[in-house]
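For reference, the structure discussed in these notes is given below.
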Amino acid sequence: MTIFPGLKKFSIEGRINFFWVILMLLTLFVTFIAESATPSHFIVWVICFTTAIKGRFVMDEMMGLREAIPSIRYTIYSYFILLPIFIALSIIFPEFLVKITTINP
């Protein structure tokens, strides 16, 4: 599935430049939100979701994983889906994380 199907008619350099600009804009957006907004669960989820989107762009457009073997592609995709989810949950529920990782004497 192509996110921007109209880009197929452009050269590879044009596509890479386009996605580089998108990645930079997403990075600036997340940085602005993280630095200026009051921390909340919603902000954490927005940042983690944006990180997953950026990872998908890098995998598909920069690394060329769109044409890779499905098992490799889906393993890497799951990494960029699960890691932001786990990071968000550890920020939102730190007490639970401490409870399940603490060894009681």
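Where a number appears in this text, it was derived from the coordinates with a stated rule and is not lab data. Owing to the predicted nature of the structure, the values given are computational and were not obtained by experimental measurement. FYI the Cβ positions are ideal-geometry reconstructions off the backbone, even for glycines, and counts take in every protein chain you see.
Summary of the geometry: region 10-28 and region 41-86, compared by the centres of their Cα atoms, lie 16 Å apart. Can you give the percent of C-alpha pairs in region 11-101 whose distance is more than 19 Å? More than 19 Å apart: 52 percent of the Cα pairs in region 11-101. Under 19 Å from a label point 7 Å along Cα→Cβ of residue 17: give me every residue in region 38-80 with its amide N that close. Only 61-63 pass the distance filter.
For the pair residue 27 and residue 71, the difference between a 0.36 nm per residue extended length and the Cα-Cα distance amounts to 13.0 nm.
Fewest-first ordering of 98, 44 by other beta carbons within 10 Å of each residue's beta carbon gives 98, 44.
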